[in-house]
Structures are given as C-alpha cells and as structure tokens.
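Read-outs: derived from the displayed coordinates by stated rules, not from any lab. Every value quoted in this text rests on a predicted model; they were computed, and no experiment measured them. Heads up, the Cβs are rebuilt from the backbone with ideal geometry, glycines too, and the neighbour counts pull from every protein chain shown.
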Amino acid sequence: KLQSETETQRNILKGEMNIVFQTESGQTVGPIGQGTWYLGEDPDRFDAEALLRAGVEAGMNLIDTAEMYAEGRAESLAGDAARGRKREDLYIVSKVLPQNAEGSGLLHDDVRYVRLSITSTLRTSEHR
C-alpha cells in the first residue's frame with residue numbers, strides 16, 4: 001500500500017519512518033533512501049562507507065547508485081555498506097550508463113548491453 005505524498009511528509013516530520021512500499025513477499029522500502037552521487041569521488045573528503053552504514057543503522061533500507069557515479073566506486077561503496085546485512089533487508093538500486101543501454105538500436109542488442117551492465121553492477125556492488 002502506498003502512502004500519499006502528504007501523508008508521508010507528515011510522518012517524516014513527526015519522525016516516523018512508516019512503510020511506503022511493501023512487496024508481494026512482504027518486504028518493505030522505507031520513505032527515505034540514500035543517494036551516492038558524490039560518494040567515492042574524493043576518498044579523503046569523508047568516510048563514505050561510514051555515512052552509508054549510519055543511514056542503514058538509522059533505518060534507511062534503500063541505497064541509490066549508478067555505474068557512472070565515481071566511475072563505479074559508488075556501487076562498490078554501496079556493496080561495502082551492505083556487508084553483513086541480509087540481502088532481503090536492504091535494496092541497492094542502480095542505473096545503466098546511457099551508452100550501455102543503446103547498443104546498435106536493435107532491441108535484442110539493447111537488452112544484451114543492459115544485461116552486461118547489470119552483471120557488472122552486481123559484481124561491483126557484491127557483498128565482500
């Protein structure tokens with residue numbers, strides 16, 4: 001059951017992390033996730049893995065990343081932050097680099113390129 005945007009905003013302001021989405025298997029995704037756009041760009045700036053882990057400890061169960069963020073290092077950081085967690089307790093979502101989704105313009109090639117990209121993402125963000 002999805003909450004209305006206004007209901008979700010009220011609950012967040014009250015400090016309540018209510019369920020926003022529940023899958024058919026009963027898994028839930030909370031109303032706030034973490035983005036990794038700049039994480040991994042400058043390793044001396046801050047401890048990105050610690051930031052992601054702190055968010056997960058605070059109740060966030062969604063990490064949004066992409067293969068193009070920090071040339072793949074953000075996906076690796078997401079995987080590192082997930083280490084020690086049950087797979088069903090954390091969602092790591094990624095995006096395909098546009099040129100990896102284009103292929104030759106033929107549908108079967110596009111699907112092949114997307115599958116290759118997904119395989120690479122799974123290896124990069126694999127729990128270590």
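When each of the peptides 75-84, 56-65 is scored by the mean number of other C-beta atoms lying within 10 Å of its residues, the order from highest to lowest reads 75-84, 56-65. Here the label points at Ala58 and Val111, each 7 Å from Cα along the C-beta direction, are separated by 4.1 nm in the simple model.
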